[in-house]
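Participant: Dumping the structure here so I can ask a few things about it.
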Amino acid sequence: MAENRRDARYPARIVARVIRRNQTIEFLTNDVSFRGVFIRTDAPPALRQLVKMELVLPSGIVVSGHAMVVHVAAAPGGQEKGEGVIPGVGLQFWGPLMHMKEWEQFIHHLKHRQRAGTATAKPTDKVRRASERFKLALEVVFDGVTSMTRDISENGIAIRTELAMPIGSRASLEMRAGNELAKFDVIVRRVIDEPGFRGLGVELVDLDAAKRDSLVRFVRKNTPSEERIFIDPGDPKLH
């Protein structure tokens, strides 16, 4: 993305979903314009890659379409102190967008707020990866029913299941890690309904540091490095 952009950019933190290989990954935007967005991430897709994208407006409307990666910014040292370039990718819209009118109204709103001195986000917001999320299928017993995981992080698990459980429900989960059977308490945080995957995203709770480290070591050992995705603190998680 050339530095002499014709479109003005406005700081905004909204959910941006990037869909690649039938997998949906959620990020936050850093800034937005009429014809594109800059997404905060230090695990970017490749330059010139065409991706399917969804942008969730504050009103709840989902703007969707395709975009091309036209700029990649690497994370420099000192980023935790708010210094240097924000790590992420610039996406330029490619083709028509669904709810384009609502997107333009959103940008006009940001433009007016910036002129009034009430920007919706600060460039010094931290962007650092907090934990690895591993794409790994393991058999687990969830609420008494045998299921399979889709991905695991030190904070949560996405589970393939047809169980209908409301958000906030607590349940038990058992996972065999090597020769040991590990037991966890979890809270349902998300109902996942995506192409090729139906299930629940759960958060691990009351987990001491030793058990958390043991879980992460186990899944890291059994996951190819190309299947690891990094999550920024404060960004929406898949689980």
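The values are calculated or read from the model by the stated rules, or taken from the named source; none is laboratory data. Please read all numbers here as calculations on a predicted model, not as lab measurements. Every residue, glycine among them, receives a Cβ derived from its backbone with ideal geometry; neighbour counts consider all protein chains shown. Side chains are part of the model used for accessible areas, which takes the heavy atoms of the whole protein and leaves out ligands, DNA and RNA. Shrake-Rupley method; radii C 1.70, N 1.55, O 1.52, S 1.80 Å.
Participant: Within the bounds of region 166-176, is there any residue that is open to solvent by less than 30 Å² (accessible area, probe 1.4 Å), at negative phi and not in a strand (DSSP E or B)?
Facilitator: There is at least one residue in region 166-176 that is open to solvent by less than 30 Å² (accessible area, probe 1.4 Å), at negative phi and not in a strand (DSSP E or B).
Participant: I need a count of the residues in region 61-79 that are at pLDDT below 60 and loosely packed, with under 14 Cβ neighbours inside 10 Å.
Facilitator: 3
Participant: Only one residue in Pro236, Pro195 is at pLDDT below 70 and either closer than 19 Å to Val141 by Cβ or open to solvent by 20 Å² or more (accessible area, probe 1.4 Å) (or both), so which one is that?
Facilitator: Of the residues listed, the single one that is at pLDDT below 70 and either closer than 19 Å to Val141 by Cβ or open to solvent by 20 Å² or more (accessible area, probe 1.4 Å) (or both) is Pro236.
Participant: Name the residues in region 151-165 that are at pLDDT 85 or above and outside any strand (DSSP E or B), would you?
Facilitator: If the condition is that a residue be at pLDDT 85 or above and outside any strand (DSSP E or B), then Thr161, Glu162, Leu163, Ala164, Met165 are the ones that fit.
Participant: Related question: For region 9-51, which residues satisfy the criterion of being without any contact (Cβ under 8 Å) to a residue 40 or more places away in the chain, loosely packed, with under 15 Cβ neighbours inside 10 Å and part of a strand (DSSP E or B)?
Facilitator: Once the filter is applied, which keeps residues that are without any contact (Cβ under 8 Å) to a residue 40 or more places away in the chain, loosely packed, with under 15 Cβ neighbours inside 10 Å and part of a strand (DSSP E or B), region 9-51 yields only Arg20.
Participant: Given the criteria touching a Ser or Thr at 6+ places or on another chain (Cβ under 7 Å), on the phi < 0 side of the Ramachandran plot and either hydrophobic (A, V, I, L, M, F, W, C) or at pLDDT below 85 (or both), does Val216 qualify?
Facilitator: no
Participant: In region 206-214, is there at least one residue being under 30 Å from Arg21 (Cα atoms) and in a strand (DSSP E or B)?
Facilitator: Checked region 206-214: no residue is under 30 Å from Arg21 (Cα atoms) and in a strand (DSSP E or B).
Participant: Output the qualifying pairs, or none if there are none: Cβ atoms under 7 angstrom, residues six or more apart or on different chains, first residue in region 93-117 and open to solvent by 60 Å² or more (accessible area, probe 1.4 Å), second residue assigned to a loop (DSSP other than H, G, I, E, B) and among the small types (Gly, Ala, Ser).
Facilitator: Arg113/Ala119
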